[in-house]
Amino acid sequence: MANHFRSETSLAGQRTAGMKVQEMVYCGIFTTLIAAGAFIKIPIPVVPFTLQFLFTMLAGLLLGGRLGALCVAVYILLGLAGLPIFAEGGGLWYIVKPSFGYLIGFCLGSYVTGKMVEKHQKTTLTRYFIANFTGLFIVYAIGMIYYYVISNFVIHTPIGLWPLFLYCFILAVPGDICLCILAAFLARRLRTILM
């Protein structure tokens, strides 16, 4: 009886360890995808359009809020440590770059997006859309506020509210809206494979 109990305990421990290893692998994959997404870009003024937003949203949708945010946080830390994996390089100096706020927004957006869908086994396409557009709002809200503060009060290259809204929202958001739609369809198909 004791041997049977020990073997069941050992199996339970292996299952727990297996889940942790699987989570680490998924986090590594999504951190890599986010880094790769930084180099797939369409140059537009002020804030370059990249595929990072797509991969940060997918991380939250597929891995859940905690792991999705962890993927983005690891990506940010690696970039700040000096790896040239941000859209325009890397290093600690990136904190005073006005567009750094969007990276912070990616982390929080991925967390919220993941939390909105992780408790539902069969998430509808509508729920994915709502989660993604909530994440989009978070990314742009944090990104634009950070951009304004850093530009006007830290690096002293003033930007008015209208130019900020034009360059950091109107010109940038259409592509990200398309990515929200794409992420919803991809997540719906991929979640059944990963779950």
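The values are calculated or read from the model by the stated rules, or taken from the named source; none is laboratory data. Predicted model only: the values in this text are computed from it and were never measured. Neighbour counts run over all protein chains shown; Cβ positions are idealised from the backbone, glycine included. When the accessible area is computed, the model is the full protein with side chains, heavy atoms only, and any ligands, DNA or RNA have been set aside. Shrake-Rupley method; radii C 1.70, N 1.55, O 1.52, S 1.80 Å.
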Query raised in the report: Can you pull out the residues in the range 162-184 that are of a type outside the set (Gly, Ala, Ser), touching a helix residue (DSSP H, G or I) at 6+ places or on another chain (Cβ under 8 Å) and closer than 16 Å to Thr134 by Cα?
Result: Phe169, Val173, Asp176, Ile177, Leu179, Cys180, Ile181, Leu182
Query - Of the criteria (1) surrounded by 17 or more Cβ atoms within 10 Å (Cβ to Cβ); (2) in contact (Cβ under 8 Å) with a residue 60 or more places away in the chain, which one Met116 fails - result: (2)
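Let's see how each residue does on (1) free of Cβ contacts under 8 Å to residues at least 12 places away in the same chain; (2) over 14 Å from the mean Cα position of the chain (by Cα); (3) assigned to a helix (DSSP H, G or I):
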residue: Leu67; (1), (2), (3): no, no, yes
residue: Val72; (1), (2), (3): no, no, yes
residue: Leu78; (1), (2), (3): no, yes, yes
residue: Tyr94; (1), (2), (3): no, yes, yes
residue: Thr126; (1), (2), (3): yes, yes, yes
residue: Ala131; (1), (2), (3): no, no, yes
residue: Leu136; (1), (2), (3): no, no, yes
residue: Ser151; (1), (2), (3): no, yes, yes
Requested in this report: Go through the range 153-166 residue by residue and tally those that are in a helix (DSSP H, G or I) and open to solvent by less than 60 Å² (accessible area, probe 1.4 Å).
Outcome: 3
Requested in this report: Considering (1) within 17 Å of Ala36 (Cα to Cα); (2) touching a His at 6+ places or on another chain (Cβ under 9 Å), say which one Arg127 fails and leave the rest.
Outcome: (1)
Requested in this report: Could you tell me which residue of the range 11-45 is nearest to Leu78 (Cα to Cα), considering only residues that are modelled with pLDDT under 60 and open to solvent by 60 Å² or more (accessible area, probe 1.4 Å)?
Outcome: Met19
Report task. Give the residue, chosen from Ala187, Ala141, that is open to solvent by less than 20 Å² (accessible area, probe 1.4 Å), out of contact with any Cys (no Cβ under 9 Å at 6 or more places or on another chain) and not charged (D, E, K, R). Result -> Ala187
Report summary line: Of the residues in the range 172-184, those that are open to solvent by 80 Å² or more (accessible area, probe 1.4 Å) and either within 18 Å of Phe30 (Cβ to Cβ) or not in a helix (DSSP H, G or I) (or both) number 0
Query raised in the report: Taking the stated definitions as given, is Phe137 modelled with pLDDT of 95 or more and either of a type in the set (A, V, I, L, M) or out of contact with any helix residue (DSSP H, G or I) (no Cβ under 6 Å at 6 or more places or on another chain) (or both)?
Result: yes
Report task. Collect the residues in the range 94-113 that are buried (at least 20 other Cβ atoms within 10 Å of the Cβ) and of a type in the set (Gly, Ala, Ser), keeping them in residue-number order. Result -> Gly101, Gly105, Gly109, Ser110
